[in-house]
Amino acid sequence: MWVVAGICLVLILLFILKYVFSSSGPDPFAIDTREALKPKVFVKKEKNKVLKQGFVASKVPENLDAIIVGSGIGGLGLAVLLARVGKKVLVLEQHDRAGGCCHTFSEKGFEFDVGIHYIGDLQEHKPFRCMLDQLTDGQLQWEPLDNPFDHVVLGPPDHRRVYPIYSGKERFPDELKRCFPGEEKAIDEYMRLVKTCPLPLAKFLVYTGLAEHLSFFFKMASRSLTDVVNELTENKDLRADTSFSMHSLLVRHYWNGAWYPSGGASEIAYHMIPAVERAGGAVLVRAPVNRILFNDANEACGVSVMKGQEEVHVHAPIEQLSMMKNGEGGLSFFLGLTGTKEELGLDALNYWVFAENNYDELVEAYINGEREESARKIPLLFLASPTEWFEEWKDGKVTNRGPDYQDLKQTFIDTVLDVVMDVLPKVTRDKIAFVDAGTPITNTYYIGAPKGEIYGADHGIQRFSPELNAIVRPQTPLKNLYLTGQDVFVCGFAGALAGALTCGSVILQRNLHLDAINLAKRTKLVKTKDD
């Protein structure tokens, strides 16, 4: 028995050495591509020359190495990684501007982001920051949010409780203890829990049951945040249904603070696209891909793009975004205010406003209730919305879906405004110059999300099971067809970029995650020598 166990251990180590540490392809981070900081471009017409290059057949580069469908950070990130090693890549975007959930739009003189609200883990010389610097030629700048960077607001207007969330591995739990005296032991245990591979090896670990024993992440993945925290404390305000493992990733991501891109989210795509173009590639918009092309050997060899009523065929290997179980549709509100941040009482932080601390019950009632009634009882001002509530208008004109649709949107808007003006008392109706809402069918139209979701695949407990993590990877059963973006890894900006790294690792046959870590080490060493 011990001999068999020893052989299994040796095989596991060999798998790790072969699939994690071996490298055979070119390293996109081998050369430091950062340049001296250039003046920021504020003229929209100039930025649109990069972000809004419309698709026509004559703009498609010849002899392409790859086609990527979708210009979100998962697609653009992969495109730049391939471009850095000399690959000629074509990125196709169905919307009229590049960026996916990182794009912006303007109304009534206001510019609105559609996705980015803050990003963590961006201290200098950390792998994530160094990687972003390389992907954007060092031109993308970041503004830190205040500390606290979050306020959690619980309860109705006559019984509001506000709990600030601070960054810092020590300050985060210390401030929680100040808010919840007598809960020190529960908070320490929570922090202990929070602190806590290749397909053949992954399958072996999963199907032998070893994954849940060897990996604390997978052990906790099957447990909801509610289950774990309920065991630690009876204080309902300190409790929070999501996977505890997913929650732990988020907490650690923001331990050192939160940042926002200087100049808005469109700066991300604006500074990534030139790297694709320098390698001979292109990022073209208004290019809806209606099908993937296959050759006689059943290998992906290109795509068909609809140009009016005609199909334009573009040939090359291809990387394609895909979905598992869809997440809930996103419901966004866009508010334009007149006045300075001081006059409006606005700080550089996020508010998470809960109707009460029985969140699971409130969400269940919200999802299962009549839509018009649920629109008046929003349990959280950072919430998904059932796509089915809006599907009857999905085939209408995007700018005029009819009075019933507008009435439903207005009900949501009025509910949200009542909460916003209560939490931020200096924001009054006379300061509101513009307000609108984007529903799940808005997201389907503009970012191509099948169910209007903004976070891709559902991120419930099942998403983090060992079985699903062993199966979900960039490779597909169809040769030359790969997956990238947040569905390959986890949701959000960092997750989508990690998905691009994972997909690039498969294509280039080297571990780009380790390359990013080595990049950070080299950058830190150079900085130390310069100092």
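Readers should treat all values here as calculations from the given coordinates under stated rules, not as data from a laboratory. All values derive from a computational prediction rather than experimental measurement. Every residue, glycine among them, receives a Cβ derived from its backbone with ideal geometry; neighbour counts consider all protein chains shown.
Sorted on the mean count of surrounding Cβ atoms within 10 Å across their residues, most packed first, peptides 45-58, 95-108 read 95-108, 45-58. Considering only alpha-carbon pairs that sit under 8 angstrom and 6 or more positions apart, the relative contact order computed for the stretch 251-364 is 10 percent. A simple spin-label model places the labels of Met421 and Glu107 1.8 nm from each other, with each point 7 Å out along Cα-to-Cβ.
Structure note, pairs Lys44/Lys426; Lys87/Lys521; Lys40/Lys394; Lys177/Lys431: Cα-Cα distances above 29 angstrom occur for Lys44/Lys426; Lys40/Lys394; Lys177/Lys431. The alpha-carbon of Lys524 sits under 19 angstrom from the alpha-carbons of these lysines, leaving out residues fewer than 8 places away in its chain: Lys126.
Inter-label distance, Asn290 to Ile517: 4.7 nm, where each label sits 7 Å from its Cα along the C-beta direction. Cross-link reach is defined here as a Cα-Cα straight distance under 18 Å, omitting same-chain residues fewer than 8 places apart; for Lys377 the aspartates and glutamates meeting it are Asp158, Glu328, Glu356, Asp360, Glu361, Glu364, Glu388, Asp407, Asp414, Asp418, Asp422.
Peptide packing: for 338-349, 164-175, 268-279, the average count of neighbouring Cβ atoms within 10 Å per residue gives the ranking 268-279, 164-175, 338-349, highest mean first. Need the C-alpha centroid separation for the stretch 126-199 versus the stretch 27-95, integer Å. Using only Cα atoms to place each centre, the spacing works out to 33 Å.
Computed from the Cβ-Cβ distance with R0 of 30 Å, the FRET efficiency linking Lys44 to His117 stands at 0.85. Which shape class, rounded, prolate or oblate, goes with the stretch 388-448 when its Cα gyration tensor gives a ≥ b ≥ c as root eigenvalues, a/c under 1.5 marks rounded, and past that a/b bigger than b/c marks prolate? Prolate, since a/c reaches 1.5 and a/b exceeds b/c. Pairs with C-alpha atoms separated by more than 32 Å, drawn from the list Lys88/Lys169; Lys88/Lys397; Lys38/Lys307; Lys47/Lys451, are Lys88/Lys169; Lys88/Lys397; Lys38/Lys307. Counting only residues at least eight positions apart within a chain, or on another chain, the aspartates and glutamates with an alpha carbon under 19 Å from that of Lys52 are Glu93, Asp96, Glu107, Glu111, Asp113, Glu267, Glu277.
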